[in-house]
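Working notes, beginning with the structure itself.
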Amino acid sequence: MAASPAFACKGCGCRGGPGYRGPDGRCVGYANLKSVCGTPPETNCAKEGAAQVEEPECTGCGCKGGPGYRGPDGRCVGFHNIKSVCGDPPETRCKKEL
């Protein structure tokens, strides 16, 4: 599951990185900025500088992309074990949150 469109991160820098797109088309992190982009970074990379996006506070099961069910033990259930913990359908033994 992806973040809602209102909080979608688009462009290099929106998650707190330096905001440069490298020659390979991928965003470059601070650790590799000089080695990939050069000095100044605009030498080999394109500046995007996308605005950082603040996501709403994550509190319920599913807010980080999981299936959104809380198991009988009170813990969030992941995709890999939803049928074994919750049953089929999941609402059989688990509570839907999100």
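Key figures
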quantity: Amide H within-cut-off set for Tyr20, under 5 Å, with H built and near neighbours excluded; calculated: Val28, Glu48, Gly49
quantity: Coarse-grained scattering of segment 58-98 at q = 0.26, 0.28, 0.29, 0.32 Å⁻¹, given as base-10 log I(q)/I(0) from a Debye sum over alpha-carbon atoms; calculated: -0.77, -0.89, -0.95, -1.13
quantity: Within segment 7-98, GluC sites (Glu not before Pro) in DSSP loop having at most 11 other beta-carbon neighbours inside 10 Å; calculated: Glu54, Glu57
quantity: Two-site label geometry, Arg75 and Glu48: point separation in nm, points 7 Å out along Cα→Cβ; calculated: 3.6
quantity: Formal net charge of residues neighbouring Pro41 (Cβ-Cβ distance under 15 Å; K, R +1; D, E -1); calculated: +1
quantity: Mean Cα-pair separation over length for the chain, i.e. relative contact order, pairs under 8 Å, 6 or more apart, %; calculated: 22
quantity: Approximate spin-label separation Thr59-Lys95, in nm, with each point projected 7 Å along Cα-to-Cβ; calculated: 1.3
quantity: Rounded to the nearest 20 debye, dipole of the chain from Cβ charges on Lys, Arg, Asp, Glu; calculated: 160
quantity: Table column - 3J(HN,Hα) (Hz), segment 26-40, Karplus curve with 6.51, -1.76, 1.60, x for Gly and Pro; calculated: 9, 5, 9, x, 4, 4, 10, 4, 5, 5, 8, 9, x, 10, x
quantity: Value of D in µm² per second that Stokes-Einstein yields for the chain, Kirkwood Rh from Cα pairs, at 37 °C (0.692 mPa s); calculated: 205
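Read-outs: derived from the displayed coordinates by stated rules, not from any lab. Not measured: the values here are computed from a predicted model. We place every Cβ from the backbone using ideal geometry, glycine too, and count neighbours over all the protein chains shown.
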